[in-house]
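Each remark here refers to the structure printed beneath this line.
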Amino acid sequence: MRVGGGEGGTVRIARAAVPWSPHRGLRPPGCRMRRARRWSRLSLDDEIPWELRINAGRPKAYRIDCVGDVIGSKAMRSEELAALAGDIKPVDLGPVHHRARDEVVRLGKATGKEYGVAVFVDGRILSFGGDHENRIDVPPFDAPPGSVTIHHNHPSGDSFSRADLRVLLERPDLGRIDAHGHEGLWASCERVGGSLTKQNAILAVEDAASQARSLIAKKLGRHELAEEVARASLWQVVMSLLLERQGVLRYALNAESIILLARQVLK
Ligand SMILES: [Zn+2]
């Protein structure tokens, strides 16, 4: 990841090195960002334009050591980190929910794709998904508000994605979403109160996501967080905790060490 030559160029956020933050003024020597970008909005594969400052001296190649790399990287999963710490606790969700969990994890392990099972209040279940590796389309259900629980597997072993949280906040029929990693990680979100408009759901989640990334970037910049930890998609846990703080959902994760790390980021 280098930018060189007299005219500058673009860098692609692609891999991690040491923490770096434009907020702290640690930019590639002789370079400035061509246009202002909100730091917390940087993510994997973003192209960031840079140019050499006038009178910056001879052209050099610069290594961009960017926190965005670190938090965008998928080198280690929350589930792997929790497993390494021996910190994945079994949870008792009840027989119907266990059936749903076992089904999505079994299918997910067999194909590497995401599967979903909806559990209705009367105990009926309905299976769907299996079309994509990293997302799932939740069909609409004719059910009372807040009454449907969705179980789905996360082949990635991460906590909730932004899309998961948006769907939960926006869809009146849904009350809870559970995500299951293939090695036992379990995350659960329950909506508090009624559903939000699509626009407000997007705003709430995008705000929490960008705040979470920015908080992690700050911790990394101060060397208060190990890189391998920041890489473990910790921002996704922080994002859910931020939404919990706002009172729109309740969040649970069966890995205490990950929750503690996320709470440290929030301090
Ligand atoms: Zn998901």
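Each value in this text was obtained by applying a stated rule to the coordinates, not by laboratory testing. Here the structure is a predicted model, which is why all the values come from computation and not from measurement. Every residue, glycine as well, gets a Cβ built from its backbone with ideal geometry; the counts of neighbours run over all protein chains shown.
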Row for segment 78-266, column shape: gyration tensor on C-alpha, a ≥ b ≥ c, rounded if a/c < 1.5 i.e. under 1.5, prolate if a/b over b/c, else oblate; value oblate
Between the alpha carbon centres of segment 136-197 and segment 233-260 the gap in Å comes to 14 Å
Measuring from its Cα centre, segment 78-266 shows a charge dipole (+1 at each Lys and Arg Cβ, -1 at each Asp and Glu Cβ) which, in debye to the nearest 20, is 380 debye
Residue by residue through segment 109-126, the couplings from Karplus 6.51 cos²θ - 1.76 cosθ + 1.60 with θ = phi - 60°, in Hz, x for Gly and Pro, are 5, 6, 10, x, 9, 8, 10, x, 9, 8, 10, 9, 4, 7, x, 5, 10, 9
Env charge @ Ala143, Cβ radius under 11 Å, K,R +1 / D,E -1, value -1
Final fewest-first order of Arg101, Arg135 on the 10 Å Cβ neighbour count is Arg135, Arg101
HN-Hα couplings for segment 163-168 via Karplus (6.51, -1.76, 1.60; θ = phi - 60°), in whole Hz with x for Gly/Pro, come out as 5, 4, 5, 4, 4, 5
